[in-house]
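What follows is a short report on a single structure.
The values are calculated or read from the model by the stated rules, or taken from the named source; none is laboratory data. Note that the structure is a prediction, hence the values are computed from the model and not measured. Here the Cβ positions follow ideal geometry from the backbone for every residue, glycine too, while neighbour counts run over all protein chains shown.
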Amino acid sequence: MKHNKIFTCLCCLALVTHSHAQNVLSAEAAIAAALKSNYDILLLKSDSSSFALDNSYSKAAFYPRINASTGMVFNTNNQKQKLADGSVKERNGIRSDNINAAISLNWTVFDGMKMFATRDKLAAFVKLGELNIKNQVVNTIAAVLSNYYNIVRQKQQLKAIEEQMGLNEERLKQADKKLSVGLGSKPDVLQAKTDLNAQKAALLQQETLIAQLKEQLNLLMAAPLQAEFEVVDSIPIDHQILLNEVLNTAGKNNPALQTAQQNIQIAGLALKERKAERFPIVSLNSAYNFGKTDNKSVLNTFTPLYNRNLGFNYGISASIPIFNGYNTKRQIAQAQLDINYNKIVLEKIKATNEIAIINAFKTYELQKKTLGLEEENILLAKENVFIAMERFRLGISTTLELRATQKTLEDAYNRLIAARYNAKLAEIDLMRLKGDLLK
């Protein structure tokens with residue numbers, strides 16, 4: 001009965017945690033905080049807002065341009081005229097006032113459909129901005145989850161160290177007992193103390209690492225530095241992911257692929273803009289003019305003292321491109337190259353994603369199998385340590401044998417924790433490549 005109680009206590013040591021007053025932060029809450037305040041997402045939202053602002057004025061290309069102008073000129077002149085009959089007329093300080101005003105309209109009614117292509121391109125840039133935000137959101141969620149579960153992993157590692165400390169404390173206690181009754185040796189006590197101090201040092205290092213990872217998560221969430229929180233104790237693994245499902249869905253939902261496809265569309269609209277420059281530009285023109293001249297005095301009797309002009313005119317104009325040094329041809333060729341370039345980028349992203357999915361899935365399958373083995377190993381290693389501790393207590397085994405079983409347990413914990421975390425990383429990467437992290 002006593003042995004069963006000891007074995008139960010030994011197994012429960014792995015679940016011991018420090019009692020803190022901080023709130024437990026869930027992975028979902030960390031993601032929500034990051035999506036609200038993450039700096040990279042906010043920067044991309046600013047860029048997207050700029051695209052949306054430009055698009056809100058895209059219809060302006062279809063509207064006429066109306067301009068008004070006015071001017072007033074006051075003149076004071078000295079005039080001298082010599083006429084054909086030989087007479088000379090001269091007067092100083094002749095004043096005249098001139099007032100001009102006009103309203104003009106210019107309305108482009110045809111430009112080779114360039115205005116339509118420009119409107120569609122602005123709308124395409126808005127969608128590109130949304131896809132960039134979506135891509136950054138997915139990457140941010142992946143980064144938050146990786147960082148969050150790394151903290152969980154390191155907490156589990158901390159518990160494993162605490163368990164090793166408990167074993168070393170028990171070993172030191174037994175070594176002291178044996179030494180006090182003359183059945184043990186001083187080196188066994190010293191070695192137990194040395195191993196315990198090493199575990200204490202590892203504990204301090206582990207606590208520092210956890211604190212640093214928490215600060216990284218605070219940065220991703222744009223939370224105040226040194227904000228205190230705790231994380232959950234376990235790393236859940238989805239064991240139902242299928243390779244074909246990920247490959248089939250990635251082509252539709254992956255933000256990087258969608259962004260590459262959108263860049264091809266934008267490049268195609270830019271090509272339409274360049275081709276439109278081969279066509280004439282036809283505009284409707286109209287103006288209303290007002291002019292008034294008021295001369296206070298004149299030398300020539302045929303010059304009017306007062307003159308006013310009012311008038312409305314309208315017409316049509318066409319600008320026909322004939323030759324511009326092959327500039328339009330060069331721009332069209334450049335736009336076509338841009339389309340080809342973006343198509344190559346799309347194919348590269350497709351190939352890269354497929355390889356990344358396959359490799360991530362292989363890692364996912366490997367770590368799942370490894371996890372199953374290590375979960376079995378940890379039970380075996382714990383039982384082995386329990387037996388070794390009892391043998392050491394009874395004086396049947398030596399310190400070296402006990403230390404060897406402790407090392408086996410420590411290695412089993414390291415492999416188990418690493419397998420669980422690596423399986424989670426592969427799962428996160430698969431969901432990121434699939435485009436499912438937003439769901």
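Mind telling me which of the residues ILE6, ILE66 ends up being surrounded by 10 or more Cβ atoms within 10 Å (Cβ to Cβ), over 33 Å from the mean Cα position of the chain (by Cα) and modelled with pLDDT under 85?
After ruling out the rest, the residue left standing is ILE6.
What's the number of the only condition in (1) touching a residue at least 40 places away in the same chain (Cβ under 8 Å); (2) closer than 30 Å to ILE161 by Cβ; (3) touching a Lys or Arg at 6+ places or on another chain (Cβ under 9 Å) that ILE378 fails to meet?
(1)
If you scan the range 330-344, which residues turn out to be closer than 22 Å to LEU257 by Cβ and either touching an Asp or Glu at 6+ places or on another chain (Cβ under 9 Å) or buried (at least 16 other Cβ atoms within 10 Å of the Cβ) (or both)?
Scanning the range 330-344 gives ASP338, ILE339, ASN342.
Only one residue in THR303, THR328 is more than 28 Å from ASN106 (Cα to Cα) and hydroxyl-bearing (Ser, Thr, Tyr). Which one?
THR303
Take ALA256 and decide whether it is surrounded by 11 or more Cβ atoms within 10 Å (Cβ to Cβ), aliphatic (A, V, I, L, M) and in contact (Cβ under 8 Å) with a residue 12 or more places away in the chain.
Working: surrounded by 11 or more Cβ atoms within 10 Å (Cβ to Cβ): yes; aliphatic (A, V, I, L, M): yes; in contact (Cβ under 8 Å) with a residue 12 or more places away in the chain: yes.
Judged against the criteria, ALA256 is a match.
Take the residues of the range 276-311 that are in a loop (DSSP other than H, G, I, E, B) and modelled with pLDDT of 90 or more: which is nearest to ASN98 (Cα to Cα)?
The extreme case among them is PRO280.
Being of a type in the set (Gly, Ala, Ser), under 30 Å from LYS155 (Cβ atoms) and within 25 Å of the chain's Cα centre (by Cα): is that true of ALA260 here?
no
Checking the conditions here, which among SER104, SER87, SER96 is over 25 Å from the mean Cα position of the chain (by Cα), in the same structural domain as ASN313 (by TED's automatic domain parsing), more than 30 Å from LEU217 (Cα to Cα) and surrounded by fewer than 14 Cβ atoms within 10 Å (Cβ to Cβ)? Please lay out each step first, then the result.
On the way: SER104 fails: surrounded by fewer than 14 Cβ atoms within 10 Å (Cβ to Cβ); SER96 fails: surrounded by fewer than 14 Cβ atoms within 10 Å (Cβ to Cβ).
Result: SER87 is the single residue among SER104, SER87, SER96 that is over 25 Å from the mean Cα position of the chain (by Cα), in the same structural domain as ASN313 (by TED's automatic domain parsing), more than 30 Å from LEU217 (Cα to Cα) and surrounded by fewer than 14 Cβ atoms within 10 Å (Cβ to Cβ).
For the subset of the range 132-174 comprising residues that are touching a Lys or Arg at 6+ places or on another chain (Cβ under 9 Å) and small (Gly, Ala, Ser), which member is nearest to ASP436 (Cα to Cα)?
ALA142
Can we say THR118 is in a strand (DSSP E or B), crowded, with 17+ Cβ neighbours inside 10 Å and touching a residue at least 60 places away in the same chain (Cβ under 8 Å)?
no
Among the residues of the range 214-226, what is the count of those that are in a helix (DSSP H, G or I) and crowded, with 19+ Cβ neighbours inside 10 Å?
Total satisfying the criteria: 4.
Out of the range 72-93, which residues are at pLDDT 80 or above and hydrophobic (A, V, I, L, M, F, W, C)?
MET72, VAL73, PHE74
Can you pull out every residue in the range 178-188 that is of a type in the set (Gly, Ala, Ser) and assigned to a helix (DSSP H, G or I)?
SER180
Identify all residues within the range 94-111 that are of a type outside the set (S, T, N, Q) and at pLDDT below 90; write none if there are none. It would help to see each step written out before you state the result.
Residues of the range 94-111 of a type outside the set (S, T, N, Q): 94-95, 97, 99, 101-103, 105, 107, 109-111.
Correct list: ILE94, ARG95, ASP97.
Out of ALA318, ALA335, ALA351, I need the residue that is hydrophobic (A, V, I, L, M, F, W, C) and in a strand (DSSP E or B). Which one?
Criteria check complete, one pass: ALA318.
Please work out which one of (1) buried (at least 22 other Cβ atoms within 10 Å of the Cβ); (2) touching a residue at least 60 places away in the same chain (Cβ under 8 Å); (3) over 18 Å from SER146 (Cα atoms) is the condition ALA388 fails and give its number.
That leaves (2) as the condition not met.
Under 8 Å between Cβ atoms, at least 6 apart or on separate chains: pull out the pairs that start in the range 150-177 with a residue that is part of a helix (DSSP H, G or I) and end on any residue that is of a type in the set (Lys, Arg) and at pLDDT below 85.
Close Cβ pairs (under 8 Å, with a partner that is of a type in the set (Lys, Arg) and at pLDDT below 85) amount to GLN174/ARG393.
Have a look at LYS292, LYS329, LYS348 and point out the one that is under 30 Å from ALA68 (Cβ atoms) and among the basic types (Lys, Arg).
Criteria check complete, one pass: LYS292.
Among the candidates ALA256, ALA192, ALA202, ALA250, single out the residue that is modelled with pLDDT of 90 or more, part of a helix (DSSP H, G or I) and over 19 Å from ALA412 (Cβ atoms).
Residue meeting the stated conditions: ALA256.
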